[in-house]
Amino acid sequence: MKKCNVCKQKRSDWMFKTYKKKTCRKCEYRWWRNVLRMMVRDRKLTPLERMGTRIGYMGVGFLIAGQWTINPVLYIMGFTCVLIQVAIRRQWNLVVLQLNGLIAWTIHFINSL
Ligand SMILES: [Zn+2]
């Protein structure tokens, strides 16, 4: 049994993270800290992922331009760029989505020739 230096309550030893700790686990716990820690968990990008992100942004630019002009070439370029990004990130559902858009717009493009 030890006395916590924050809540001033006597608590059993397992309530302290280490033997030398003077503050009990209950006083140390902050839910907001846990939420933040959960959100940033191993979110370091590798150089390849970072390059993929830039290509992805470029692709989104093409897609936005394509949606305003209905130009198949812009769509094809946009879907290709975003496809590279989502493939690097291994987000396979989005890979399928981008492939679908790429094939559909390629067919539109071929038909419009
Ligand atoms: Zn305490």
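Can you tell me which of LYS21, LYS26, LYS17 is closer than 30 Å to CYS4 by Cα and in a helix (DSSP H, G or I)? Give the steps one after another, and end with the answer.
Working: LYS21 fails: in a helix (DSSP H, G or I); LYS17 fails: in a helix (DSSP H, G or I).
Matching residue, one of LYS21, LYS26, LYS17: LYS26.
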Hits in segment 77-113 (condition: within 9 Å of GLY59 (Cα to Cα), of a type in the set (A, V, I, L, M) and open to solvent by less than 50 Å² (accessible area, probe 1.4 Å)): VAL82, LEU83
Some residue of segment 89-104 being in a helix (DSSP H, G or I) and among the basic types (Lys, Arg): no
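Can you find a residue that is modelled with pLDDT under 90, part of a helix (DSSP H, G or I), over 30 Å from LYS3 (Cβ atoms) and within 14 Å of the chain's Cα centre (by Cα) anywhere in segment 43-53? Let's see the steps before the verdict.
We begin by selecting, within segment 43-53, every residue modelled with pLDDT under 90; these are 43-50.
Now narrow it down to the ones that are part of a helix (DSSP H, G or I): 47-50.
Filter once more, keeping what is over 30 Å from LYS3 (Cβ atoms): 47-50.
After this cut, where a residue has to be within 14 Å of the chain's Cα centre (by Cα) as well, the list is 49-50.
Looking through segment 43-53, at least one residue is modelled with pLDDT under 90, part of a helix (DSSP H, G or I), over 30 Å from LYS3 (Cβ atoms) and within 14 Å of the chain's Cα centre (by Cα).
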Members of segment 35-69 found to be open to solvent by 70 Å² or more (accessible area, probe 1.4 Å) and farther than 30 Å from THR80 by Cα, listed by number: ARG37, MET38
Segment 5-34, residues that are within 8 Å of the ligand (Cβ to nearest atom) and loosely packed, with under 10 Cβ neighbours inside 10 Å: LYS8
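The values are calculated or read from the model by the stated rules, or taken from the named source; none is laboratory data. Predicted model, so just to flag it, every value in this text is computed and none were measured. Cβ: placed from backbone, ideal geometry, glycine included. Neighbour counts: every protein chain shown. Each accessible area value is taken on the protein alone, full model and side chains, heavy atoms only, with ligands, DNA and RNA left out. Shrake-Rupley method; radii C 1.70, N 1.55, O 1.52, S 1.80 Å.
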